[in-house]
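A.B. asks: Below you'll find the structure I mean.
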Amino acid sequence: MPTIIFIAAVFIFPVGRFLILSIDNSDFTNALPRTSQIAGLRALDGVGTEAAFAALVQDLAEATATRKDALLAQSLNQRLVGTRALVLKTAKDAAAGNFAAPFRESVLAKHQGWAKPEIWKVLDDNRSPFTDFNILASYDLKRQPDGRIGAAPAQEAIFVGVLTRTIVISAVVTLLCAVLSVPLAQAIVSSSPLVSRMLFALVLFPLWSSLLVRTIIWIIVLQKTGPVNAAIVFLGITDGPMTLIYTRFSLYLAMVQVLLPLMILSVVSIMRRVSPSYMKAALSLGAPWLTAWRTVQLPLILPGIMSGAAIVFVFALGYYVTPALVGGPRDQMISSMIAFYTNKTLNWGLAAALSLQLLVVLIVIAALFWTVQSLFRRKVAS
């Protein structure tokens, strides 16, 4: 029970609270309590009715007094770009009492921007405390004026591409780690005790240093004036330095170097439980080494490879520091987008929707991993 309480308090509750922001629309309903309660918000011309303008003036004046006007302006601008200044100026005039009945004519005389029907369409669509705007945006979707869900404009459709890139990069890094980890783990297990301990210490050594330091080292090594380019030019391979940093190659190199020890530890743990007599028996019966390894050794160590692959893939999906420092503009992963909307634009709703999108990918991958593992166990048992 203490463990359950601890996990709920430090993990489930804060993560769940953040993910709820993806459907939270309280910025509108709290800042416009009167406007959001009006049933007939728009007139026949698509602009707000007199009652709607009267409620809007009262809500904006109160929002200015409670300092909610900036948050409302930001929320409305996220849904309809270019409305932030209009909301702030109107709220300032409303707080100063510069509007009088009839409020529709008074507001439109000072701020013609409120004569646009699309603004009132946004206000009409966001009268509920919950919204699917951020969830749809994270999948490059958008509600059309008729209420149907359709594709977002090309200049706004960026998130599916970033998610696809994140999955591809994570999968390639996982595959590279799996391929490199098997011979290294085999060398650790097959060596003498002293050599094995030394090799194992070399594998663990990178984990004792800072991730940021390891990433910065790659920038120093791969830059145009770094040792790698100096060696290439000295050997005459190229006439000048190559662009090695801020590329997909440098990103793969840095991420594999960071995550490879996790894969090796997983493979070594399972490989040490496999008796070397199995391979010796297969070789003594006349099987070629590669055939013996593929048919005898590989199935026995496959659970360790799968466990390590799952760990590496999950870590790679959420990587932020390494892609941000080593990768180029076209190599940024979804974690960079989440950090951007959390820290730069303060659009926590969209950041939460992207986090929820990443969580869905993790759930799908976990389900696939569990299915493959179950099928493998059934095959081994049969």
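A.B. asks: Let me confirm something: among Leu251, Leu260, Leu184, which residue is over 30 Å from Arg377 (Cβ atoms) and crowded, with 17+ Cβ neighbours inside 10 Å?
C.D. replies: Values: Leu260 fails: over 30 Å from Arg377 (Cβ atoms); Leu184 fails: over 30 Å from Arg377 (Cβ atoms).
Residue meeting the stated conditions: Leu251.
A.B. asks: A further question on this structure: Answer yes or no: is there a residue in the range 374-382 that is in a helix (DSSP H, G or I), among the β-branched types (Val, Ile, Thr) and modelled with pLDDT of 85 or more. I'd like the intermediate steps shown before the answer.
C.D. replies: Step one: of the range 374-382, the residues in a helix (DSSP H, G or I) are 374-381.
From the residues that got through so far, the ones that are among the β-branched types (Val, Ile, Thr) too are 380.
Now drop any that are not modelled with pLDDT of 85 or more, which leaves none.
So far as the range 374-382 goes, no, none of its residues is in a helix (DSSP H, G or I), among the β-branched types (Val, Ile, Thr) and modelled with pLDDT of 85 or more.
A.B. asks: Considering every residue within the range 96-112, establish whether at least one is crowded, with 16+ Cβ neighbours inside 10 Å, of a type in the set (Gly, Ala, Ser) and within 22 Å of Asn347 (Cβ to Cβ).
C.D. replies: No - not one qualifying residue is present in the range 96-112.
A.B. asks: Please enumerate the residues belonging to the range 250-288 that are of a type in the set (S, T, N, Q) and at pLDDT 90 or above.
C.D. replies: Start the filter on the range 250-288 by keeping residues that are of a type in the set (S, T, N, Q), which leaves 250, 257, 266, 269, 275, 277, 284.
Of everything in the range 250-288, those that are of a type in the set (S, T, N, Q) and at pLDDT 90 or above turn out to be Ser250, Gln257, Ser266, Ser269.
A.B. asks: For residues in the range 235-248 being polar (S, T, N, Q) and over 19 Å from Ala316 (Cβ atoms), which is surrounded by the fewest Cβ atoms within 10 Å (Cβ to Cβ)? First the steps, then the outcome.
C.D. replies: If we filter the range 235-248 for residues that are polar (S, T, N, Q), which is where we start, we get 238, 243, 247.
If we keep only those that are over 19 Å from Ala316 (Cβ atoms) as well, we get 238, 243.
Numbers: Thr238: 10, Thr243: 13.
Among those that are polar (S, T, N, Q) and over 19 Å from Ala316 (Cβ atoms), it is Thr238.
A.B. asks: Let me ask something else. Residues that are modelled with pLDDT under 90 and under 26 Å from Asp146 (Cα atoms), at least 3 per element: which helices (runs of 4 or more DSSP H) completely within the range 1-115 meet that? Even if it seems obvious, please write down each step before you answer.
C.D. replies: Numbers: elements: 2-7, 13-20, 26-31, 50-65, 69-79, 84-95, 103-110.
Qualifying helices (runs of 4 or more DSSP H): 26-31, 69-79.
A.B. asks: Would you check which residues across the range 273-292 are surrounded by 13 or more Cβ atoms within 10 Å (Cβ to Cβ) and within 21 Å of Leu180 (Cβ to Cβ) and list them? Give the steps one after another, and end with the answer.
C.D. replies: We begin by selecting, within the range 273-292, every residue surrounded by 13 or more Cβ atoms within 10 Å (Cβ to Cβ); these are 274, 278-279, 281-283, 287, 292.
Within the range 273-292, Val274, Met279 meet the criteria.
A.B. asks: Criterion first (in contact with a helix residue (DSSP H, G or I) (Cβ under 8 Å, 6 or more places away or on another chain) and over 30 Å from Ala353 (Cβ atoms)) does Ala171 satisfy it? So that I can check it myself, show each step before the final result.
C.D. replies: Values: in contact with a helix residue (DSSP H, G or I) (Cβ under 8 Å, 6 or more places away or on another chain): yes; over 30 Å from Ala353 (Cβ atoms): no.
No: the conditions fail for Ala171.
A.B. asks: Would you please list the contacts, defined by Cβ atoms under 6 Å and residues six or more apart or on different chains, that run from a residue in the range 239-256 that is without any contact (Cβ under 8 Å) to a residue 60 or more places away in the chain to a residue that is among the charged types (D, E, K, R) and surrounded by fewer than 17 Cβ atoms within 10 Å (Cβ to Cβ)?
C.D. replies: Close Cβ pairs (under 6 Å, with a partner that is among the charged types (D, E, K, R) and surrounded by fewer than 17 Cβ atoms within 10 Å (Cβ to Cβ)) amount to Pro241/Lys224.
A.B. asks: From Thr238, Thr247, Thr243, Thr166, grab the single residue that is β-branched (Val, Ile, Thr) and at pLDDT below 85.
C.D. replies: Working: Thr247 fails: at pLDDT below 85; Thr243 fails: at pLDDT below 85; Thr166 fails: at pLDDT below 85.
Criteria check complete, one pass: Thr238.
A.B. asks: Would you point out which residue out of Arg42, Arg34 is over 16 Å from Val122 (Cβ atoms) and of a type in the set (Lys, Arg)?
C.D. replies: On the way: Arg42 fails: over 16 Å from Val122 (Cβ atoms).
Selected residue: Arg34, the only one of Arg42, Arg34 that is over 16 Å from Val122 (Cβ atoms) and of a type in the set (Lys, Arg).
A.B. asks: Follow-up. For the range 1-46: of the residues being closer than 26 Å to Ile119 by Cα and among the charged types (D, E, K, R), which is surrounded by the most Cβ atoms within 10 Å (Cβ to Cβ)?
C.D. replies: So the first thing to find is which residues in the range 1-46 are closer than 26 Å to Ile119 by Cα, and the list is 20-46.
Adding the requirement that they be among the charged types (D, E, K, R) leaves 24, 27, 34, 42, 45.
Values: Asp24: 18, Asp27: 21, Arg34: 15, Arg42: 16, Asp45: 9.
Ranking the candidates gives Asp27 first.
A.B. asks: Also: Going by the structure shown, is Ala287 without any contact (Cβ under 8 Å) to a residue 40 or more places away in the chain and under 29 Å from Thr322 (Cβ atoms)?
C.D. replies: Numbers: without any contact (Cβ under 8 Å) to a residue 40 or more places away in the chain: yes; under 29 Å from Thr322 (Cβ atoms): no.
Considered against the rule, which asks whether it is without any contact (Cβ under 8 Å) to a residue 40 or more places away in the chain and under 29 Å from Thr322 (Cβ atoms), Ala287 comes out as no.
Conditions (1) surrounded by 13 or more Cβ atoms within 10 Å (Cβ to Cβ); (2) within 14 Å of Ser336 (Cα to Cα); (3) of a type in the set (Gly, Ala, Ser); (4) touching a residue at least 60 places away in the same chain (Cβ under 8 Å), marked per residue:
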position: Leu136; (1), (2), (3), (4): yes, no, no, no
position: Leu141; (1), (2), (3), (4): yes, no, no, no
position: Gln144; (1), (2), (3), (4): no, no, no, no
position: Ile149; (1), (2), (3), (4): no, no, no, no
position: Ala152; (1), (2), (3), (4): yes, no, yes, no
position: Phe159; (1), (2), (3), (4): yes, yes, no, yes
position: Val162; (1), (2), (3), (4): yes, yes, no, yes
position: Val168; (1), (2), (3), (4): no, no, no, no
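So that you can scan it fast, the table gives a plain yes or no per residue for (1) aromatic (Phe, Trp, Tyr); (2) in contact (Cβ under 8 Å) with a residue 40 or more places away in the chain; (3) over 16 Å from Leu317 (Cβ atoms):
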position	(1), (2), (3)
Gln332	no, yes, no
Met337	no, yes, no
Lys344	no, no, yes
Val360	no, no, no
Trp370	yes, no, yes
Ser374	no, no, yes
Lys379	no, no, yes
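A.B. asks: So how many residues does the range 333-347 have that are over 15 Å from Arg165 (Cβ atoms) and either buried (at least 18 other Cβ atoms within 10 Å of the Cβ) or of a type in the set (S, T, N, Q) (or both)?
C.D. replies: Adding up the residues that qualify gives 5.
The values are calculated or read from the model by the stated rules, or taken from the named source; none is laboratory data. What you see is a predicted model, and the numbers here were worked out from it, not measured in a lab. So basically every Cβ, Gly included, is an ideal-geometry build from the backbone, and we count neighbours across all protein chains shown.
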